[in-house]
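Asks: One structure, as structure tokens, below. Some questions next.
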Amino acid sequence: MKITILGTGTFFVSQNRSGPAYLLETYGKKILIDCGPGTLMRLAEVGVKPDDLDYIFITHFHADHTGDLFALQMNIRLTDAFTGNLKKKLVVYGPTGIEKFTKKLSKVYQLPAFENYKNITYKKIPRSFKLGNLTVKSFKVSHIAFDESAAAVAIRFEKNGKSFVFSGDSNNNGGLAAACKGANLFICDTSYIKGNGTTSHLDTHHIGDICEKGDVKKLVLTHFYPINDNADLVSEVKEKFNGKVVYGKNLMELNLRNN
């Protein structure tokens, strides 16, 4: 399994940090996990077109994780309209309401391009299912922003005894500990410095505790706010976790065979 970090940011995007998005390549398939602002540009940088994708997984509907999702789907829709030569059909997995989410946006944008359109299909993420020889598991996590709880999940991918987990956005409650237990690679929301966790996000000590208790092999930090750019987030996590910790960067490539 090869994972490319496309975006390590939040709503704060910059030349060096776009919104959350991760490209998983395995058994000949390309899987996009979240699709924050700037994702289309990052995909272009690594030579991947929207119609190259086989699957998209959305962890929750917040715009920092979905800001480019409608544009990506319109790219596919227009490619189909102009050429009639799509490489494959796309499946978008997400929380309950993922299809309604796209179609509602299409009406808001006055681009009702997806009514009765068959080359993109939408499915709720099951708790556990197979994509070829890849096992996918979802875990409900707690993410509360502006006093509203999001329908949010962490996602775990397993293949040949190796596991890759993405936290999505999560606080210190819910299923995150179960999701990352024994993970070979865990990419985790690292929004806050130690002692500053909220109902929305973990802090570095929460992450360290979860990873140490869960025997995580390698941890990659992501989802950074500029306010913490001068903080040593890696060292703070290491105060609680003895495993390997990496500060995530846009276009960083990770391969489970090396972990």
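Asks: Using the Karplus equation 6.51 cos²θ - 1.76 cosθ + 1.60 (θ = phi - 60°), what ³J(HN,Hα) coupling, rounded to whole Hz, does each residue of region 164-181 give in order, writing x for Gly and Pro?
Replies: Taking θ as phi minus 60°, the curve returns 10, 10, 10, 6, x, 9, 7, 8, 8, 10, x, x, 5, 4, 5, 4, 9, 4 Hz for region 164-181.
Asks: Here's another thing I want to ask about it. Calculate, in nm to one decimal, what residue 196 and residue 11 gain on full extension: separation in residues at 0.36 nm each, minus their alpha carbon distance. Each step should come with its number before you reach the end.
Replies: Details: separation 185, 0.36 × 185 = 66.60 nm, distance 1.90 nm.
Stretched out fully, the residue 196 to residue 11 stretch lengthens by 64.7 nm.
Asks: Here's a follow-up. Put +1 on the Cβ of every Lys and Arg and -1 on every Asp and Glu Cβ in region 2-258; which of 82, 98, 11 then has its Cα farthest towards the positive end of the dipole?
Replies: Most positive-ward Cα: 82.
Asks: Using the structure shown, list the pairs from 124/213; 49/159; 49/240; 88/181; 118/217; 103/218 with a Cα-Cα distance above 32 Å, or answer none.
Replies: On the way: 124/213 30 Å; 49/159 25 Å; 49/240 40 Å; 88/181 34 Å; 118/217 41 Å; 103/218 38 Å.
Over 32 Å Cα-Cα: 49/240; 88/181; 118/217; 103/218.
Asks: Right, another one. Roughly how many Å is it from the Cα centre of region 155-208 to that of region 1-40, as a whole number?
Replies: Computed from Cα coordinates, the inter-centre distance equals 17 Å.
Asks: Once the other residues with Cβ under 15 Å from the Cβ of residue 139 are scored (Lys, Arg +1; Asp, Glu -1), what is the net sum? Walk me through the numbers before you get to the answer.
Replies: Working: positive: 124, 127, 137, 140, 156, 181; negative: 158, 169, 189.
Here the count lands on +3.
Asks: Working only with C-alpha atoms, what are the Rg and Dmax values of region 2-258, expressed in angstrom?
Replies: 17.5, 55
Asks: Under 14 Å Cα to Cα from residue 244, which aspartates and glutamates show up? Leave out anything in the same chain fewer than 8 places away.
Replies: Within the straight-line cut-off, residue 244 pairs with 209, 212, 215, 236.
Asks: On C-alpha positions alone, give me the angle between the axis of helix 98-108 and the longest principal axis of the chain, in degrees, nearest 10.
Replies: 60 degrees
Asks: Please list, ordered by chain and number, the residues whose modelled amide H lies under 5 Å from the amide H of residue 30; skip anything fewer than 5 residues away on the same chain.
Replies: Hits under the 5 Å cutoff: 54, 55.
Asks: Sticking with this one: Express in whole angstrom the spacing between the alpha-carbon centres of region 55-125 and region 232-248.
Replies: Using only Cα atoms, the two centres lie 36 Å from each other.
Asks: About the Cα centre, and with charges only on the beta carbon of Lys, Arg (+1) and Asp, Glu (-1), how big is the dipole of the chain? Nearest 20 debye, please. Can you show the working numbers first?
Replies: Values: 34 positive and 25 negative charges, 229 e Å.
For this selection, approximately 1100 debye.
Asks: Another one. Considering Cα pairs under 8 angstrom that are at least six residues apart, work out the relative contact order of region 116-259 and quote it in whole percent. Spell out each step's value before the answer.
Replies: Numbers: 307 pairs, mean separation 25.1, N = 144.
Relative contact order here is 17 percent.
Each value in this text was obtained by applying a stated rule to the coordinates, not by laboratory testing. Keep in mind that this is a model prediction, so the values were computed, not measured. With ideal geometry, Cβ positions are generated from the backbone for all residues, glycine too; neighbour counts draw on all protein chains shown.
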